[in-house]
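The next block holds one structure in the form of structure tokens; read it before the comments.
The values are calculated or read from the model by the stated rules, or taken from the named source; none is laboratory data. None of these values were measured; they are calculated from a predicted model. Cβ coordinates were reconstructed from backbone atoms using ideal geometry, including for glycine residues, and neighbour counts include every protein chain displayed. Just the protein is used for accessible areas: all its heavy atoms, side chains included, with ligands, DNA and RNA removed. Shrake-Rupley method; radii C 1.70, N 1.55, O 1.52, S 1.80 Å.
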Amino acid sequence: MAEVKISAEIRTEFGKGAARRARRASKVPAVVYGHGADTVHVTLPGYDLMMALKTSNVLISLDIEGRNELVIPKAVQRDPLKGFVEHIDLLAVKRGEKVTVEVAVQTEGDLAPGANLLEHVLNTVTVETEATHIPESVTVSIAGLDAGDSVLAKDVPLPSGTTLVTDEDAVVLQVLAAQAEEPAAEGAGEGAEA
């Protein structure tokens with residue numbers, strides 16, 4: 001996974017007013033924490049952050065006024081109507097350090113012939129992996145699966161160096177048989193003639 005480089009500025013003002021001023025200037029208030037170090041309050045360029053967050057579990061190299069810090073997004077707050085990033089919590093990581101993250105589950109292949117439906121019980125699985133080698137997603141083959149079949153978390157193929165944290169017996173995907181609608185009973189809902 002490639003690192004995204006973003007320049008950050010230390011924040012000295014706090015509160016709603018300061019956050020609103022930062023957002024009007026197209027900046028996003030953020031907090032960097034982790035490794036027992038003091039919490040650092042920064043502002044990030046809004047556009048650069050938005051582009052970085054298009055990649056799930058992105059690894060960001062922050063330039064905080066000349067000091068480089070490797071971070072991953074931990075919590076992102078978005079405006080509920082417009083969707084822009086209002087605030088972000090960033091977790092400081094070190095190269096070679098293991099982190100626990102959620103990774104998206106994708107599928108490939110076709111189900112067995114018939115009117116079967118694929119249900120995604122879990123859209124993500126939680127894994128532990130090295131901070132610099134976080135997979136964007138994991139891919140599960142559903143080729144030939146028939147009604148009643150399921151894929152458990154332990155059956156999801158993971159890249160080397162990545163271990164599963166999600167319960168290994170948790171159902172990730174299951175195949176359901178399509179149900180036909182019952183025909184409406186005749187005469188039901190009709191009024192009686194007077």
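Numerical summary
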read-out: Pair list, Cβ < 6 Å and 6+ apart or interchain, from the range 40-56 residues that are under 12 Å from Ile88 (Cα atoms) and among the hydroxyl-bearing types (Ser, Thr, Tyr) to residues that are surrounded by 19 or more Cβ atoms within 10 Å (Cβ to Cβ) and modelled with pLDDT of 80 or more; value: Thr43/Lys27; Thr43/Pro29
read-out: Whichever residue in the range 81-129 is polar (S, T, N, Q) and out of contact with any Ser or Thr (no Cβ under 8 Å at 6 or more places or on another chain) and, among such residues, is nearest to Gln174 (Cα to Cα); value: Asn116
read-out: Tally of residues being acidic (Asp, Glu) and either buried (at least 16 other Cβ atoms within 10 Å of the Cβ) or within 17 Å of the chain's Cα centre (by Cα) (or both) across the range 65-78; value: 1
read-out: Number of the exception - Gln174 against (1) modelled with pLDDT under 85; (2) under 16 Å from Gly114 (Cα atoms); value: (1)
read-out: Members of the range 27-39 found to be closer than 27 Å to Thr126 by Cα and either part of a strand (DSSP E or B) or touching a residue at least 40 places away in the same chain (Cβ under 8 Å) (or both), listed by number; value: Ala30, Val31, Val32, Tyr33, Gly34, His35, Ala37
read-out: Condition met for Val42 (of a type outside the set (Lys, Arg), modelled with pLDDT of 85 or more, within 14 Å of Ile134 (Cβ to Cβ) and buried (at least 17 other Cβ atoms within 10 Å of the Cβ)); value: no
read-out: Counted residues, the range 45-64 - those being among the hydrophobic types (A, V, I, L, M, F, W, C) and either open to solvent by 40 Å² or more (accessible area, probe 1.4 Å) or within 15 Å of the chain's Cα centre (by Cα) (or both); value: 6
read-out: Unmet criterion (only one of (1) touching a Phe, Trp or Tyr at 6+ places or on another chain (Cβ under 9 Å); (2) modelled with pLDDT of 80 or more) for Arg23; value: (2)
read-out: Residue among Gly83, Gly114, Gly96 that is within 16 Å of the chain's Cα centre (by Cα) and in a loop (DSSP other than H, G, I, E, B); value: Gly83
read-out: Selection count where residues are more than 30 Å from Gly34 (Cα to Cα) and either open to solvent by less than 60 Å² (accessible area, probe 1.4 Å) or in contact (Cβ under 8 Å) with a residue 24 or more places away in the chain (or both), scope the range 116-155; value: 20
